[in-house]
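What follows is a set of notes on a single structure, which appears directly below.
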Amino acid sequence: MRKLLQRLFGAWIIRMSNKFGSRPDQKRIHDALSTLYKTINEEPGKRGPIFEITDTDKFIILSDQHKGARDYADDFSLAEKNYLKALEHYHQHDFHYINLGDSEELWENLMESVIKHNKATFEAEKAFITRDRFTKIFGNHDLYWDNDPLSSFNLNRIYGKKIRIYEGTILRMFIGESPFDIFLTHGHQGDLQSDGNWFSKWFVSTIWAPLQAYLQINPNTPAYDNQLKTAHNTMMYSWIAEQPNMALITGHTHQPVFASLTHLERIYVKLDKAKKEKNTEDLMFLNGELHKRIKEGDKAPRLGKYKPDYFNSGCCCFSDGDITGIEIENGMTRLIKWSYHKNNIPERILLEEMKLSDLADQNLFNG
């Protein structure tokens with residue numbers, strides 16, 4: 001039946017996907033980000049909360065788990081142990097967990113299957129809710145949380161509480177008297193497929209995306225297309241580069257970015273330094289990281305002269321089971337990964353870090 005439907009509708013779906021799909025459009029993306037940021041500022045809590053933070057606050061930002069049904073198409077299954085260990089660590093150390101979207105893969109799976117096969121991860125997330133340290137943001141693959149009338153019922157089933165789901169959030173810190181905002185959202189804003197009105201989002205999440213998945217037609221999104229990944233990150237950067245007193249953290253592309261440079265770019269910079277210093281230990285580690293990033297298909301966007309104000313949390317479904325995220329703790333922001341070490345034991349690895357005060361100093365009043 002699938003092959004018959006592929007023959008009948010495959011070409012038409014590809015044409016429609018290309019016409020209305022996720023190819024990034026700079027003006028649309030910029031307008032959508034500006035509108036969301038303005039809405040959160042003018043009506044906090046409607047589309048997202050504002051947290052005023054100090055050096056004592058701690059946040060972990062993870063995105064793009066794509067929790068599925070533990071079948072051949074479940075990208076999260078290999079990373080589950082790393083994810084659970086990471087949440088255990090951050091819960092024990094009193095972090096606030098910001099889930100930045102695409103947590104559940106609801107384009108390819110029924111909600112019942114996702115709930116059935118992810119009880120352990122939902123329980124780990126629930127631990128943050130009991131301490132009021134959990135903020136859940138929706139992405140394009142879990143639009144369901146924003147537009148389905150049954151979403152609150154299923155949230156109650158999963159977490160024992162009807163928590164609010166947001167489109168973004170703002171972490172606001174003060175450098176002297178000057179506010180500096182870290183704006184967080186999934187990053188699909190401006191996508192014609194999944195950032196329209198209520199009906200268009202419902203149609204995509206309930207009918208269009210499952211149809212593409214059933215017919216095994218690759219969705220045209222940055223997470224699966226390396227050229228789109230690079231273009232999308234570049235457009236996110238071009239928006240935040242024009243905003244004064246702000247930094248931006250997104251997910252969506254599955255490509256880690258720290259201070260406006262992809263992790264791949266930073267590896268090349270560090271490799272050059274390690275070679276000049278003949279640091280064999282660093283060379284071994286960095287070559288291993290380089291191999292992993294190239295295997296994942298990373299290609300560095302050419303940002304040219306840049307401000308260090310764009311960050312991307314990467315994802316929690318890399319093909320080797322690694323997960324990446326952004327930590328904010330003790331006045332620092334860090335790009336970290338959790339990776340299987342000896343005997344398949346999850347280990348936290350620091351990849352990049354910088355002081356929040358340095359981030360703010362380099363961006364305050366520049367627009």
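Here segment 18-174 is treated as a sphere whose radius is the Kirkwood value from Cα pairs; by Stokes-Einstein at 4 °C and 1.567 mPa s it diffuses with a coefficient of 77 µm²/s.
For the cross-link pairs K38/K126; K38/K161; K58/K355, which exceed 24 Å when the distance is taken from alpha carbon to alpha carbon? The partial results should precede the final answer.
Values: K38/K126 30 Å; K38/K161 29 Å; K58/K355 14 Å.
In this structure, K38/K126; K38/K161 exceed 24 Å between Cα atoms.
This ranking places E277, E104 by how few other beta-carbon atoms lie within 10 Å of each, fewest first, which gives E277, E104.
Among 158-165, 334-341, how do they line up by average Cβ neighbours within 10 Å per residue, starting with the highest? Can you show the working numbers first?
Numbers: 158-165: 15.6, 334-341: 19.8.
Output ranking for 158-165, 334-341: 334-341, 158-165.
Residue-wise HN-Hα couplings along segment 99-104, as the Karplus relation 6.51 cos²θ - 1.76 cosθ + 1.60 with θ = phi - 60° gives them from phi, are 8, 8, x, 6, 5, 10 Hz; Gly and Pro carry x. What the phi angles of segment 234-244 give under the Karplus curve with 6.51, -1.76 and 1.60, with θ = phi - 60°, is a coupling list of 5, 6, 4, 5, 5, 6, 5, 5, 9, 9, x Hz, glycine and proline written as x. Please report the net charge: other residues with Cβ closer than 12 Å to the Cβ of K119, K and R +1, D and E -1. Around K119, the charge tally is +2. Rg/Rh for segment 83-161 (Cα atoms only, Rh after Kirkwood) is 0.95. What is the distance in Å between the Cα centres of segment 127-167 and segment 308-367? Their Cα centres are 24 Å away from one another.
Residues whose amide H comes within less than 5 Å of that of G321, counting only those at least five positions distant or on another chain, are absent (H built at 1.01 Å from N in the peptide plane).
Less than 5 angstrom separates the built amide H of A247 from those of D181, I182, F183, all sequence-distant by 5 or more or on a different chain. Whole-Hz Karplus values for segment 143-149 come out as 4, 3, 5, 9, 10, 9, x Hz, taken residue by residue from phi with 6.51 cos²θ - 1.76 cosθ + 1.60 and θ = phi - 60°; glycine and proline positions read x.
Take 307-315, 124-132, 49-57 and order them by the average number of nearby Cβ atoms within 10 Å per residue, most first; the result is 307-315, 124-132, 49-57. Here is the P(r) of segment 31-95: all C-alpha pair distances, binned every 5 Å from 0, give 3, 13, 14, 13, 16, 15, 16, 8, 1 in whole percents.
No lab work stands behind these numbers, since they all come straight from the coordinates. Worth saying up front: this structure is predicted, and the values here are computed from it rather than measured. Reconstructed Cβ throughout: ideal geometry from the backbone, glycine too, with neighbour counts over all protein chains shown.
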